[in-house]
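The values are calculated or read from the model by the stated rules, or taken from the named source; none is laboratory data. Keep in mind the model is a prediction, meaning the values are calculated, not measured. Note that each Cβ is placed from the backbone with ideal geometry, even for glycine, and that neighbours are counted across all protein chains shown. Accessible surface is based on the protein model in full, side chains and every heavy atom, while ligands, DNA and RNA are left aside. Shrake-Rupley method; radii C 1.70, N 1.55, O 1.52, S 1.80 Å.
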Amino acid sequence: MGLDLELKKLGKSSVQIPVLGLGTWGIGGFSSRHLGGEDNAIRALRLGLELGMRFIDTAEVYAQGHSEEVVSMAVGRERERVFIATKVSPEHLSYEQVLRSCESSLKRLDTNYVDLYQVHWPNSRIPIRETMRAMEKLVAEGKVREIGVSNFSIQQTREAQEALSKINLASNQVEYSLVERSIEEDLLPYCSKEHITIIAYSPVARGNIPAGGRDEHWRILDEVAQKNGKSRTQVALNWLICKEQVVAIPKAANVEHVKEDAGAAGWRLSEADQNSLSEAFS
Ligand code: NAP
């Protein structure tokens, strides 16, 4: 496997992960399977890995588990070099169900450990202590390396941290992009202070950032892109990873998109450019 991308420390752990990972929502879905899109998806994931995006985010719910199988096909023999993150669904958060879900994910991923196991969404009907007890058992058994959450508010994140007794909460995966900034109010400062990595999902706003628009803020984005010799998408991704605690997981099934996304790392926007984008998109 080829290049190494810029790395960042995951939470308080000693693990380093690429600042850009590969999202997989929609990969392996019914239509993609029948339109030959699965081969494209595998090709796109393999190219991303070669370009150093050695971090794949998936979930048991994506394509009813088939995304995890596609991930295992793309990773092949390179398992040790790829950081695999998957998620347990909110309806599977009881102690026994977490253990069962993890076993099923391990089978589909064709591996004996997951690098990061995330609670996909909170579930107020199941105490987080019960879920985290199962998560810690999985860590003790070597089936999970790090524990994360997703879509957790500041209060829920705090409760998840407190429910863990032997390991630190590594990450919270939430929506974050130039056009979706709500975590800046409280969750981002909290996670930065607590050294919890923010994994930014939908970082190119599900294709809306590459598509852009005609308003003033898009004009400023294009201006910054032109000045830096980068594309609009690369600037938007770089703006995210400029933040100390943030990594991003764009999804791209198209190989040209993967190449472009990988080119968003390895350089830095100036502080002035970061600020003018923050202001333009506020
Ligand atoms: P996204 O990554 O913001 O956007 C994906 C879309 O943008 C795709 O249509 C892709 O097209 C397009 N795209 C990517 N790079 C591009 C480029 N350089 N130029 C033009 N178009 C480009 O949205 P997302 O899939 O919602 O989020 C990313 C990942 O985050 C997901 O795949 C999933 O792993 C995770 N996620 C997690 C949650 C959660 O609840 N935890 C929720 C949503 C997403 P092509 O595919 O055609 O290349």
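Annotations
- Among residues of the range 184-222, those that are assigned to a helix (DSSP H, G or I), within 15 Å of the ligand (Cβ to nearest atom) and under 17 Å from residue 274 (Cα atoms), counted: 4
- Complete set of residues in the range 78-104 that are charged (D, E, K, R) and in contact with a helix residue (DSSP H, G or I) (Cβ under 6 Å, 6 or more places away or on another chain): none
- Filtered residue count, the range 11-30, keeping only those that are part of a loop (DSSP other than H, G, I, E, B), within 16 Å of the ligand (Cβ to nearest atom) and not small (Gly, Ala, Ser): 4
- Tabulated pairs, the range 181-206, first open to solvent by 10 Å² or more (accessible area, probe 1.4 Å), second in a loop (DSSP other than H, G, I, E, B) and away from the ligand (no atom under 16 Å from the Cβ), C-beta under 7 angstrom, 6+ apart or interchain: 192/244; 192/245; 195/11; 195/12
- Lone unmet requirement of (1) within 12 Å of the ligand (Cβ to nearest atom); (2) among the β-branched types (Val, Ile, Thr); (3) under 30 Å from residue 12 (Cβ atoms) for residue 241: (1)
- Residue 248 being touching a residue at least 60 places away in the same chain (Cβ under 8 Å), under 21 Å from residue 4 (Cβ atoms), in contact with a strand residue (DSSP E or B) (Cβ under 8 Å, 6 or more places away or on another chain) and open to solvent by 10 Å² or more (accessible area, probe 1.4 Å): no
- Top-ranked residue in the range 207-225 [being among the aliphatic types (A, V, I, L, M) and within 12 Å of residue 281 (Cβ to Cβ); ranked as surrounded by the fewest Cβ atoms within 10 Å (Cβ to Cβ)]: 220
- Taking (1) basic (Lys, Arg); (2) outside any loop (DSSP other than H, G, I, E, B); (3) under 21 Å from the mean Cα position of the chain (by Cα) in turn, residue 268 satisfies each apart from (2).
- Taking the range 105-127 as the range and being open to solvent by 30 Å² or more (accessible area, probe 1.4 Å) and either out of contact with any helix residue (DSSP H, G or I) (no Cβ under 7 Å at 6 or more places or on another chain) or in a loop (DSSP other than H, G, I, E, B) (or both) as the test, the residues that pass are 107, 110, 112, 121, 122, 124, 125, 126, 127.
- Filter result (modelled with pLDDT of 90 or more and at positive phi) within the range 35-63: 52
- Single unsatisfied condition, residue 142 versus (1) more than 17 Å from residue 58 (Cα to Cα); (2) in a helix (DSSP H, G or I): (2)
- Residue 156, sole failed condition from (1) open to solvent by 10 Å² or more (accessible area, probe 1.4 Å); (2) away from the ligand (no atom under 16 Å from the Cβ); (3) in contact with a helix residue (DSSP H, G or I) (Cβ under 8 Å, 6 or more places away or on another chain); (4) not in a loop (DSSP other than H, G, I, E, B): (2)
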